[in-house]
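Enquirer: One structure, as structure tokens, below. Some questions next.
The values are calculated or read from the model by the stated rules, or taken from the named source; none is laboratory data. Just so you know, these numbers come straight off a predicted model, no measurement behind them. Cβ placement follows ideal geometry from the backbone for every residue including glycine, while neighbour counts extend to all protein chains displayed. Only protein heavy atoms, including side chains, enter the accessible area calculation; ligands, DNA and RNA are left aside. Shrake-Rupley method; radii C 1.70, N 1.55, O 1.52, S 1.80 Å.
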Amino acid sequence: MKKSHSELLQGLVSAGLRERYGKELEPKQINANTTICSIAPVKMLLEMKQIEEAGFIDYYLMAFWIFNIQARAAGIEVWARGAVSSSVVCYCLGLTEVDPIKYGLHSARFVNEDLPKFQFDIDASRFDEFMKKAEEILAENAEDYDIPAIRECLFKDLKPASYLSMKKERPLPADLEDEFARYALYFPQTMDLFTAYVNRYPKCDFIIYQEQMFDILREVFHVGGIKANHIRLSIQRGDTEQIEAYKQEVFEASDLSTETKEKVWQRLTSNPKAFLKAHAVSQVLASYKFDMGEGFIKEWKEIREYNEGLAGVRNADGRWGFIDKSGRLVIPYQWKKVLWFSEGLAGVQDDNEKWGFIDMTGKVALPFVWSNVQWFKNGRVRVQTVLGGAWHDIDGEGACV
């Protein structure tokens, strides 16, 4: 008898559960009165229930065939990023190498009533080959699956990634949690929190991750995954009216004192830009599995704001370069000081303490002749020939305007 798609997915996930967790699935006797069971099967069943109720079975099945079986058979490297790594089902299907239970990730960030957002990096040198094979699989299954819908879901956020062709396989360090947090806070909107994290860790009284928001909502206010995700979205969007409505709702359902509830709620909303830990974990772990370029995380002693996809970073020698959002060094450490990129150019200072401008490849675009500069806006930038002297505007060619 031909199995239904639901039965097929259940069988694949169950087999993956045994492969991934093995002996961890066996109950452990702590003492005569206490037995601990693995949480993995529980999380898997809850996710499967939500996936089936939402009608997303086929999306997960085709993701398995394309991003795991097909890619693995062809030897094409694929790496999951974003919320994919939050899902036990995805881990059991081999769609991510990040164990969501080990790293404290939450499936509600990926498995919910919304269409799953599959985000994968594909080995750039074989991206076209991968897409061709994927289309062949879709064509072979056209009678049994809604192929246009699956194609839209699975191929919406794929990126060719050159780092996947460079295996590295370094051993994982003991301070991984620090690296996750640093990755999560290295953004313009949270740089002040990064400073607080460095100076006060581990006594930080603010949220770093979206997953911490889920923990608070579940453990303190007993809010389930789907509802917690709605509250998280409202906080991150700054929807003050909806936030207040949710606050009143969870406060009324809690027996804690008003003072305690206010204190916990303040921490819950302390960082509306809280980062997705699943993404931080997947990117940091990728840096140990693949060569993502010089200067990934560990060498950064200071960082400027990201703008136009690049951010200035300072190494231990006091030299500045620029990284992209994967943490890869794209402009080598060589400048004494840097500003951020604006309209494709960034002000940088050389060893003679003169400022000039470079483009996004690191090539000098305007010579080092100014004592101070600002940043480009509407095709012009303010510069100062002598410190303390008058400012004047120049265009992208260096001519006065």
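Enquirer: Being modelled with pLDDT of 95 or more and among the hydroxyl-bearing types (Ser, Thr, Tyr) narrows it down to one of Tyr246, Tyr186, so name that one.
Expert: Working: Tyr186 fails: modelled with pLDDT of 95 or more.
The conditions single out Tyr246.
Enquirer: Does at least one position in the stretch 141-149 carry a residue that is among the hydrophobic types (A, V, I, L, M, F, W, C) and either open to solvent by less than 10 Å² (accessible area, probe 1.4 Å) or closer than 28 Å to Ser38 by Cα (or both)? Please lay out each step first, then the result.
Expert: First, pick out the residues of the stretch 141-149 that are among the hydrophobic types (A, V, I, L, M, F, W, C): 142, 147, 149.
Checking which are either open to solvent by less than 10 Å² (accessible area, probe 1.4 Å) or closer than 28 Å to Ser38 by Cα (or both) leaves us with none.
No - not one qualifying residue is present in the stretch 141-149.
Enquirer: Condition first: aliphatic (A, V, I, L, M) and out of contact with any Asp or Glu (no Cβ under 8 Å at 6 or more places or on another chain). Now tell me which residues in the stretch 373-387 satisfy that.
Expert: The answer is Val373, Val386, Leu387.
Enquirer: Suppose we keep only residues that are of a type in the set (A, V, I, L, M) and not in a helix (DSSP H, G or I) within the stretch 166-188. Which one would you say is surrounded by the most Cβ atoms within 10 Å (Cβ to Cβ)?
Expert: Applying the first criterion (of a type in the set (A, V, I, L, M)) to the stretch 166-188 yields 166, 172, 174, 176, 181, 184-185.
Narrowing the set further to residues that are not in a helix (DSSP H, G or I) leaves 166, 172, 174.
Values: Met166: 13, Leu172: 11, Ala174: 6.
The qualifying residue surrounded by the most Cβ atoms within 10 Å (Cβ to Cβ) is Met166.
Enquirer: So, in the stretch 329-362, of the ones that are out of contact with any strand residue (DSSP E or B) (no Cβ under 6 Å at 6 or more places or on another chain) and in contact (Cβ under 8 Å) with a residue 40 or more places away in the chain, which residue ends up most open to solvent (accessible area, probe 1.4 Å)?
Expert: Among them, the one singled out is Glu343.
Enquirer: Let me ask something additional. Being open to solvent by 20 Å² or more (accessible area, probe 1.4 Å), out of contact with any helix residue (DSSP H, G or I) (no Cβ under 8 Å at 6 or more places or on another chain), over 29 Å from Glu179 (Cα atoms) and free of Cβ contacts under 8 Å to residues at least 12 places away in the same chain is the requirement here; does Ala365 meet it? So that I can check it myself, show each step before the final result.
Expert: Working: open to solvent by 20 Å² or more (accessible area, probe 1.4 Å): yes; out of contact with any helix residue (DSSP H, G or I) (no Cβ under 8 Å at 6 or more places or on another chain): yes; over 29 Å from Glu179 (Cα atoms): yes; free of Cβ contacts under 8 Å to residues at least 12 places away in the same chain: no.
The answer is no for Ala365.
Enquirer: Right, next: Tally up the residues in the stretch 346-387 that are within 23 Å of Leu329 (Cβ to Cβ), more than 36 Å from the chain's Cα centre (by Cα) and small (Gly, Ala, Ser), please.
Expert: Result for the stretch 346-387: 0.
Enquirer: In the stretch 204-218, which residue that is in a helix (DSSP H, G or I) and over 21 Å from the mean Cα position of the chain (by Cα) is modelled with the lowest pLDDT?
Expert: Filtering first and then ranking leaves Arg218.
Enquirer: What is the residue count in the stretch 271-282 for residues that are touching a Ser or Thr at 6+ places or on another chain (Cβ under 7 Å) and either of a type in the set (A, V, I, L, M) or open to solvent by 10 Å² or more (accessible area, probe 1.4 Å) (or both)?
Expert: The number of residues fulfilling the criteria is 3.
Enquirer: Another question about this same structure. Name the pairs whose Cβ atoms lie under 7 Å apart, with the first residue in the stretch 130-148 and among the small types (Gly, Ala, Ser), the second in a helix (DSSP H, G or I), and 6 or more positions between them or separate chains?
Expert: Ala134/Ile66; Ala134/Gln70
Enquirer: Among the residues of the stretch 305-328, are any among the hydrophobic types (A, V, I, L, M, F, W, C), surrounded by 15 or more Cβ atoms within 10 Å (Cβ to Cβ) and assigned to a loop (DSSP other than H, G, I, E, B)?
Expert: At the first step, the residues of the stretch 305-328 found to be among the hydrophobic types (A, V, I, L, M, F, W, C) are 310-311, 313, 316, 320, 322-323.
Subset that is surrounded by 15 or more Cβ atoms within 10 Å (Cβ to Cβ): 310-311, 313, 320, 322-323.
Within this subset, residues satisfying the condition of being assigned to a loop (DSSP other than H, G, I, E, B) are none.
No, there is no match, as no residue in the stretch 305-328 is among the hydrophobic types (A, V, I, L, M, F, W, C), surrounded by 15 or more Cβ atoms within 10 Å (Cβ to Cβ) and assigned to a loop (DSSP other than H, G, I, E, B).
Enquirer: Among the residues of the stretch 204-245, what is the count of those that are without any contact (Cβ under 8 Å) to a residue 60 or more places away in the chain, of a type in the set (S, T, N, Q) and either open to solvent by less than 50 Å² (accessible area, probe 1.4 Å) or within 19 Å of Leu185 (Cα to Cα) (or both)?
Expert: Going through the stretch 204-245 one residue at a time, the tally reaches 2.
Enquirer: Among the residues of the stretch 324-344, are any in contact with a Gly (Cβ under 9 Å, 6 or more places away or on another chain), among the aliphatic types (A, V, I, L, M) and under 23 Å from Thr385 (Cβ atoms)?
Expert: First pass over the stretch 324-344, keeping only residues in contact with a Gly (Cβ under 9 Å, 6 or more places away or on another chain): 324-341, 343-344.
From what is left, the residues that are among the aliphatic types (A, V, I, L, M) are 329-331, 338-339.
Okay, now just the ones that are also under 23 Å from Thr385 (Cβ atoms), so 338-339.
Within the stretch 324-344, one or more residues are in contact with a Gly (Cβ under 9 Å, 6 or more places away or on another chain), among the aliphatic types (A, V, I, L, M) and under 23 Å from Thr385 (Cβ atoms).
Here is a yes/no grid of residues against (1) in a strand (DSSP E or B); (2) more than 18 Å from the chain's Cα centre (by Cα); (3) at pLDDT below 95; (4) small (Gly, Ala, Ser):
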residue: Phe120; (1), (2), (3), (4): yes, no, no, no
residue: Phe130; (1), (2), (3), (4): no, yes, no, no
residue: Leu138; (1), (2), (3), (4): no, yes, no, no
residue: Glu143; (1), (2), (3), (4): no, yes, yes, no
residue: Lys159; (1), (2), (3), (4): yes, no, yes, no
residue: Leu164; (1), (2), (3), (4): no, no, yes, no
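Enquirer: Any idea which of (1) small (Gly, Ala, Ser); (2) surrounded by 14 or more Cβ atoms within 10 Å (Cβ to Cβ); (3) over 24 Å from Asp58 (Cβ atoms) is the one Ser107 doesn't satisfy?
Expert: Answer for Ser107: the failing condition is (3).
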